[in-house]
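The next block holds one structure in the form of structure tokens; read it before the comments.
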Amino acid sequence: MKYKSVKGMDDILPQDVWLWQELESRARKELESSGYVEIRTPILEETAVFIRGIGETTDIVTKEMFTFSDRKERSLTMRPEGTAPIVRSYIEHSLGNISPVLRLYYIGPMFRAERPQKGRSRQFHQIGVEVIGSFSPYADVEVLAQLDKLLKAFGLSGYVIKLNSLGCKSDKLKFTESLKQYLADKINLLCEDCRNRVGKNVLRVLDCKKESCTQAMRGAPNILDNMCLKCARHFEEVKSSLKALGINFQETKNLVRGLDYYTATVFEITHPALGTQDAIGAGGRYDNLIKDMGGECAGAVGYALGLERIILALKGHAARKPDRNVIYIATLGDAARLEGLKISESLKDGLALPNLVVLRDMGEASLKSQMRSADRQNAKVVIILGEDEMKEKKLTIKDMRPGGSQVSVAAELVVEEVRRILC
Ligand SMILES: [Zn+2]
Ligand SMILES: [Zn+2]
């Protein structure tokens, strides 16, 4: 019997994990320096959180959730996205009391039962932010500016920020009606998916990429023509502020996003390296969600980035494995093995070196094979504790870099000597 991981749920292996850690640590640094605080919600939520939060007729809720009953027949769902659980937590713990405007971020796995394909797996990982407590267009601007900075901190270039506004709830409703009217005599021209969408989620017809549908939508009403003055002003403010900050964006009038909770500003970040499924992240405003889920009325805006997709977009450039300072301790015999453990601790305590890694053998192989291991690990320094060294209470320090030499020193001088070589 040979077991495999569940389809669409991949291991992140030791040889690849450094890139994940690197992106996560850059994100933490970037976001925390702007006052964002991490929140960690559970993987499982009551299914109702997502039905209420994301919307009953959305693709996620109707086709993509991992939902099951627990032993007491309660319906639970593995989170397909981060916003609904955070809003649930925000209301449950009255997080609005901490600060009138709360800046939150999260990093973690999400789950959707989609057909696995390049950059899209069933367990995928997101970095996201939510700013809760402001209706101001400057919250949108701050979030977008922060997002642009974060992508640059990842070393990413060539991405496009696509921007649109859906207007408020009543604007959306008006627009939905005028779209339905427009499509009334064109239903037969649409693809099967879109024919289903007309009744339930007609806005999604706008972002269908199928040729038949884009043809049929030529001449469709414009979302901006259905917008109230307040929403139009909000959108103008967002755009002019982004221009003033020098942040490039593309106004994209058929960008709607597949989640019901978005109102006003919506955006999507695409990257050409990803082909047809080119979104690396998306977000927008959700001013009704907190109230809809039982909280007090609060404006909110956020986004989520897909880590798998960012890694695809980064392939080949900017992501470089950080240089490690590896010291390898090779020992022979039980006494030397114990001494090696002591030396390893004093090196870690005594050397204030970035990316310091002290490796030790289990002391069961020959010195020769330990030297080979040191080489495979790209050790910069090898410390040898063999029979001779133990007898003379000394150790041998070998500088492994090209042209490096070898010295014999007393055990208490080891930190000083290694520092001399590496620093
Ligand atoms: Zn409006
Ligand atoms: Zn379609």
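Brief remarks follow.
- Boolean, LYS239 is in a helix (DSSP H, G or I), more than 25 Å from the chain's Cα centre (by Cα) and assigned by TED's automatic domain parsing to the domain that holds LEU156: yes
- The set of residues in region 206-232 that are among the basic types (Lys, Arg) and within 16 Å of ligand 1 (Cβ to nearest atom) contains only LYS230.
- Selection from region 382-393 of residues that are touching a Leu at 6+ places or on another chain (Cβ under 9 Å) and open to solvent by less than 80 Å² (accessible area, probe 1.4 Å): ILE383, ILE384, LEU385, GLY386, GLU389, MET390
- Residue in region 329-379 that is farthest from LEU422 (Cα to Cα), counting only those that are of a type in the set (Gly, Ala, Ser), free of Cβ contacts under 8 Å to residues at least 40 places away in the same chain and open to solvent by 50 Å² or more (accessible area, probe 1.4 Å): SER366
- In region 71-120, the residues that are outside any helix (DSSP H, G or I) and among the hydrophobic types (A, V, I, L, M, F, W, C): LEU76, MET78, ILE98, VAL101, LEU102, LEU104, ILE107, MET110, PHE111, ALA113
- Elements of type helices (runs of 4 or more DSSP H) in region 154-227, at least 2 residues being within 30 Å of CYS297 (Cα to Cα): 169-183, 192-200
- Criterion applied to LEU156, LEU144, LEU203 was being within 16 Å of ligand 1 (Cβ to nearest atom), under 28 Å from the mean Cα position of the chain (by Cα) and open to solvent by less than 30 Å² (accessible area, probe 1.4 Å), and the one residue passing it is LEU203.
- All positions within region 258-294 that are within 16 Å of ligand 2 (Cβ to nearest atom) and open to solvent by 50 Å² or more (accessible area, probe 1.4 Å): THR276, GLN277
- If you check SER121, SER134 for being of a type in the set (S, T, N, Q), crowded, with 16+ Cβ neighbours inside 10 Å and modelled with pLDDT under 95, only one passes: SER121.
- Matching option when the condition is aliphatic (A, V, I, L, M) and touching a Leu at 6+ places or on another chain (Cβ under 7 Å), among VAL202, VAL238: VAL202
Here is a yes/no grid of residues against (1) outside the structural domain of GLN250 (by TED's automatic domain parsing); (2) more than 16 Å from ligand 2 (Cβ to nearest atom):
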site	(1), (2)
PRO116	no, yes
ILE132	no, yes
PHE135	no, yes
ALA139	no, yes
LYS174	yes, yes
GLU192	yes, no
VAL198	yes, no
GLU211	yes, no
GLN215	yes, no
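- Scoring ASP70 on the criteria (1) in contact with a Leu (Cβ under 8 Å, 6 or more places away or on another chain); (2) closer than 19 Å to LEU305 by Cβ leaves a single failure, condition (2).
- Failed criterion for GLY167 (all others in (1) surrounded by fewer than 17 Cβ atoms within 10 Å (Cβ to Cβ); (2) over 17 Å from the mean Cα position of the chain (by Cα); (3) closer than 25 Å to VAL61 by Cβ hold): (1)
- Taken over region 409-423, the criterion of being within 25 Å of ALA335 (Cβ to Cβ) and surrounded by 13 or more Cβ atoms within 10 Å (Cβ to Cβ) is satisfied by VAL409, ALA411, LEU413, VAL414, VAL415, GLU417, VAL418.
The values are calculated or read from the model by the stated rules, or taken from the named source; none is laboratory data. Since the model is a prediction, treat every value here as computed from it, not as a measurement. Cβ sites come from the backbone with ideal geometry, for glycine too, and all protein chains shown count toward neighbours. Protein only, heavy atoms only, side chains kept; ligands, DNA and RNA dropped before computing areas. Shrake-Rupley method; radii C 1.70, N 1.55, O 1.52, S 1.80 Å.
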